[in-house]
Amino acid sequence: MTLEMIQMCRRREAIIIRDVFADPKTDGEQYATLNIGSFVGMPLVRDGEWRFLLVVYRSDPHDWSEDEIALVRELTSHIWTRLERARAEVALRLNEEKYRAVFESLDEGVSLLEVLFDDDGRAADYRFVENNPAVEQMTGVGNSTGKTVLELFPEMDRQLIETAGEVVRSGRSVRFQHAVSALGRWFDVHEARVGGDDSRTVVAVFADITERKQQEQRQEFLLKLSDALRAETGVEAVGKRATQLIANQLGADRVY
């Protein structure tokens, strides 16, 4: 393309060449080597930028009619619209693939939850819409997608369900630590609503902090024991107080 043709495209002007030998904008010999005798070039400009050019060639000179030119113009718009959609679909698919790769590789558990409300508007349960592999590793429960938390853990603390319901109602994210007695595990949980005011979907990201909590509890007990024994005098009193505290801490029947 010549500089003149490029400038025409940027001005949204159609390039209509009826005879490559007769038109001063074209080098007839050069086009003839490509078996081109006439052509229409229809540019498409979006946001002030030349984005696309549809060119229709004929091998012989041709007097392009207004109908033919109008058809090329219409095709240009239609094809560009479909190209934009196709590019958006490709970009979306790539984003989904990236999301999926991150979602499945995270060490933290990630769950999409659908909160279920009763007739009185109270959060009564929630359904697992999707879980990453870390959720199964942390809970030991497989194939949980589509099931509710009370189906899987009938003794689940209802406060956990109510918290998810409040996230849905308020739209405010929350972070908390919670012990799941059914699993014997502690979790650090971050929950946030996904979508607008009408959405009942919550994303929950949680990490298993059981080992850390157990360590904290051990330290708390050791400090409590140390303080209690410091107040006792005599071998028998120290022994009696120590065995009482240890029995209470471990739920033991006897300590000698």
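The values are calculated or read from the model by the stated rules, or taken from the named source; none is laboratory data. Keep in mind that this is a model prediction, so the values were computed, not measured. Ideal geometry is used to build each Cβ from the backbone, glycine not excepted, and the neighbour counts take in all protein chains shown. Quick note on the areas: whole protein, heavy atoms, side chains included, nothing else; ligands and nucleic acids left out. Shrake-Rupley method; radii C 1.70, N 1.55, O 1.52, S 1.80 Å.
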Practice prompt. Could you please find all residues in the range 145-173 being open to solvent by less than 70 Å² (accessible area, probe 1.4 Å) and either charged (D, E, K, R) or touching a helix residue (DSSP H, G or I) at 6+ places or on another chain (Cβ under 6 Å) (or both)?
Written response: Met156
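Considering Leu223, Leu160, which residue is over 30 Å from Gln137 (Cβ atoms), free of Cβ contacts under 8 Å to residues at least 24 places away in the same chain and not small (Gly, Ala, Ser)?
On the way: Leu160 fails: over 30 Å from Gln137 (Cβ atoms).
Answer to the check: Leu223.
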Worksheet, complete the sentence: Conditions (1) touching a strand residue (DSSP E or B) at 6+ places or on another chain (Cβ under 7 Å); (2) open to solvent by 70 Å² or more (accessible area, probe 1.4 Å); (3) among the aromatic types (Phe, Trp, Tyr) -> Phe52 fails only (2)
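I'm trying to understand the selection: among the residues of the range 135-144, which are open to solvent by 20 Å² or more (accessible area, probe 1.4 Å) and in a helix (DSSP H, G or I)? Spell out the reasoning first.
Residues of the range 135-144 that are open to solvent by 20 Å² or more (accessible area, probe 1.4 Å), as a first pass: 136-143.
Glu136, Gln137, Met138, Thr139, listed by residue number.
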Practice prompt. Could you list, in sequence order, all residues of the range 85-121 that are farther than 23 Å from Leu44 by Cβ, at pLDDT below 80 and open to solvent by less than 50 Å² (accessible area, probe 1.4 Å)?
Written response: Phe103
Worksheet entry | Residues of the range 55-84 classified as part of a helix (DSSP H, G or I) and either of a type in the set (A, V, I, L, M) or open to solvent by 70 Å² or more (accessible area, probe 1.4 Å) (or both), total | 14
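If I go through the range 174-201 residue by residue, how many of them are open to solvent by 40 Å² or more (accessible area, probe 1.4 Å), under 20 Å from Asp118 (Cα atoms) and not basic (Lys, Arg)? So that I can check it myself, show each step before the final result.
Here is the first cut: in the range 174-201, the residues open to solvent by 40 Å² or more (accessible area, probe 1.4 Å) are 174-177, 179, 181-186, 190, 193-198, 200-201.
Filter again for under 20 Å from Asp118 (Cα atoms), leaving 193, 197-198, 200-201.
Now drop any that are not not basic (Lys, Arg), which leaves 197-198, 201.
Final tally of qualifying residues: 3.
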Worksheet entry | Selection from the range 201-248 of residues that are within 19 Å of Val180 (Cα to Cα), in a helix (DSSP H, G or I) and not basic (Lys, Arg) | Thr210, Glu211, Gln214, Gln215, Glu216, Gln217
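Restricting attention to the range 122-134, and to residues there that are charged (D, E, K, R) and touching a Gly at 6+ places or on another chain (Cβ under 8 Å), which single residue is most open to solvent (accessible area, probe 1.4 Å)?
Applying the first criterion (charged (D, E, K, R)) to the range 122-134 yields 122, 125, 127, 130.
Next, only the ones that are touching a Gly at 6+ places or on another chain (Cβ under 8 Å) stay: 122, 127.
On the way: Arg122: 142, Arg127: 78 Å².
Residue satisfying both the conditions and the ranking: Arg122.
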